[in-house]
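> The structure's right below; bear with me while I get my questions together.
Every number here is computed from the coordinates shown, using simple stated rules; none is lab data. It should be emphasised that the depicted structure is a prediction, and the values quoted were computed from it without experimental measurement. Heads up, the Cβs are rebuilt from the backbone with ideal geometry, glycines too, and the neighbour counts pull from every protein chain shown.
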């Protein structure tokens with residue numbers, strides 16, 4: 001089922017969402033014109049009856065030929081003005097964007113709201129879970145949008161099959177790992193520049209001078225390389241150990257005992273699994289080592305600090321990118337962008353258990369979980 005946002009644009013009413021099937025999306029402009037014509041016909045019929053009754057009421061009063069002619073001219077001008085009011089304005093509502101969404105998750109919903117605010121119009125959505133085995137490019141062709149917004153990793157992978165339309169993605173972690181090289185695809189990832197994250201970490205925990213992390217070179221190699229370079233510039237010791245198998249994580253964690261001040265938990269599917277997260281939190285408590293994570297959900301499991309992104313701002317950033325594409329701007333160097341806004345959340349309870357003092361001013365300027 002498609003959510004279509006094209007209701008009463010000729011009346012200047014804000015877009016509302018109605019449920020339509022894919023074939024009903026086609027020819028919206030024609031339907032708008034037909035609907036205008038029907039309204040005009042009803043108005044003309046109503047006005048005809050109105051004036052008929054009005055003249056009947058005025059029947060006892062004899063009007064001169066000149067007055068009757070003036071009344072006819074006035075009525076004609078009124079109807080013409082009404083027609084122009086109904087038909088004025090463009091038949092289209094500007095470039096149409098179709099959102100291809102992986103699943104209805106709250107962060108994805110926030111990102112879509114941000115995109116809509118930047119785009120200036122509501123965006124209909126198509127969920128991959130509703131498509132099932134249907135062909136995505138074929139379905140998109142039936143709907144005939146001017147652009148596709150891919151929200152989430154699975155949506156981006158499905159949208160890569162679309163070759164004839166511009167595709168803008170958002171809420172995708174580490175797109176370079178998918179080797180997205182298509183010229184019609186651009187977007188905003190959930191990645192934050194390594195130097196920015198390291199700067200935020202040292203601002204919240206200024207006494208930290210050594211950091212440890214585990215990573216799969218095939219998943220996080222580029223990020224870790226950027227982090228190494230940033231650590232050298234900022235005078236922080238970084239111990240980064242490569243991992244090929246998830247089952248090796250507990251052993252490699254123990255090898256860092258006493259050598260690091262913070263463990264940096266990466267969004268790496270090889271390193272971060274339910275089993276390894278449990279081992280990591282146990283390592284943190286046993287060694288009084290705070291854990292920096294990429295998602296707030298791990299704070300409830302014992303992580304000390306999270307550095308994440310703002311989904312709404314990512315969506316807004318993607319909307320700005322879409323506007324540049326519609327305007328025909330040169331996207332050289334801007335085709336694939338990192339998130340620009342950092343959201344820091346501190347778990348004060350865990351910090352207290354580990355004997356870590358965090359400046360209250362830092363907590364006030366960021367989110368704090370007690």
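> Using the number of other C-beta atoms within 10 angstrom as an exposure proxy, rank 301, 112, 334 with the fewest first.
Ordered from fewest to most neighbouring Cβ atoms within 10 Å, 301, 112, 334 come out as 334, 301, 112.
> What FRET efficiency comes out for the pair residue 326/residue 279, r = Cβ-Cβ distance, R0 = 56 Å, nearest 0.05?
Efficiency, rounded to the nearest 0.05: 0.70.
> Also, I was wondering about something else. If you wrap a convex hull around the Cα atoms of segment 153-249, how much volume per residue is inside, in Å³?
In segment 153-249, the Cα hull volume divided by residue count equals 120 Å³.
> Quick one: order 151, 204 by neighbouring beta-carbon count within 10 Å, fewest to most.
So the residues, fewest neighbours to most, are 204, 151.
> In which sequence would 313, 268, 222 go, from the one with the fewest C-beta neighbours within 10 Å to the one with the most?
Least crowded to most crowded, the residues run 222, 313, 268.
> If you take the beta carbon distance between residue 252 and residue 144 as r and set R0 to 30 Å, what does 1/(1 + (r/R0)^6) give as a FRET efficiency, to the nearest 0.05?
0.05
> Classify segment 136-186 from the C-alpha gyration tensor, please: rounded if a/c falls under 1.5, else prolate or oblate depending on whether a/b exceeds b/c.
The shape class here is prolate.
> Give me the three principal axis extents of segment 97-157 from the C-alpha atoms, as integers in angstrom, largest value leading.
Per principal axis, max minus min of the Cα coordinates gives 30, 24, 16 Å.
> Roughly how many nanometres apart are two label points built 7 Å out from the Cα toward the Cβ at residue 341 and residue 242?
3.8 nm
> Where does each of 116-124, 252-260 land if you order them by average Cβ count within 10 Å, highest first?
For the peptides 116-124, 252-260, the packing ranking is 116-124, 252-260.
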